[in-house]
Amino acid sequence: MRDKHDNPNYMTKFLKMQRDVFVPYLRKVIHPTELKSVFCIYEMIEQGENIYTYLVNADTVVIFEMSRIDQSIIHDRTIPIHEYAQESKGRQWHRYVRELQAFAEREDSQVK
């Protein structure tokens with residue numbers, strides 16, 4: 001079974017949604033001049049909405065839901081990366097933080 005992220009059509013749609021919907025939303029959560037990088041850590045497809053977990057500026061994690069019907073967004077929470085990593089990985093959280101921060105440094109994670 002192919003991963004949806006290997007599908008060029010899916011990635012094109014996702015990147016457009018990120019540019020047109022997610023980044024403008026994240027500019028409301030994080031001051032627009034401070035928003036330097038975004039990286040989608042996790043996407044969960046639910047019945048009527050998708051849940052997204054984004055790493056912002058290599059130090060903050062923003063979790064929100066987006067309705068697939070009208071693309072409205074409901075904010076779940078904003079937490080420091082260390083807290084998110086501890087919740088997700090327990091004792092291995094230090095390594096996980098470094099891995100996530102490396103994603104934030106990638107060229108395709110930079111907000112223009």
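The values are calculated or read from the model by the stated rules, or taken from the named source; none is laboratory data. Quick caveat, the model's predicted, so the values are computed rather than measured. Cβ placement follows ideal geometry from the backbone for every residue including glycine, while neighbour counts extend to all protein chains displayed. Just so you know, the surface numbers come from the protein's heavy atoms only, side chains and all, with ligands and any DNA or RNA stripped out. Shrake-Rupley method; radii C 1.70, N 1.55, O 1.52, S 1.80 Å.
If you wrap the tightest convex hull around every Cα atom of the range 62-112 and split its volume per residue, you get 108 Å³. Computing FRET efficiency as 1/(1 + (r/R0)^6) for residue 11 and residue 46, where r is the C-beta to C-beta distance and R0 is 25 Å, gives about 0.75. Database remark: amide H of residue 111 closer than 5 angstrom to the amide H of 37, 38 (H placed geometrically; neighbours at sequence offset of 5 or more, or on other chains; Pro and chain starts carry no H). Here the contact order of the chain, divided by its residue count and restricted to Cα pairs under 8 Å and six or more residues apart, works out to 20 percent. Taking the accessible area of the range 40-112, probe 1.4 Å, and keeping the other protein chains in place, the carbon and sulfur fraction comes to 47%.
Solvent-accessible surface of the chain, averaged per residue with a 1.4 angstrom probe and all protein chains in place: 66 square angstrom.
Given the chain, report the % of alpha carbon pairs whose separation exceeds 18 Å.
51 percent
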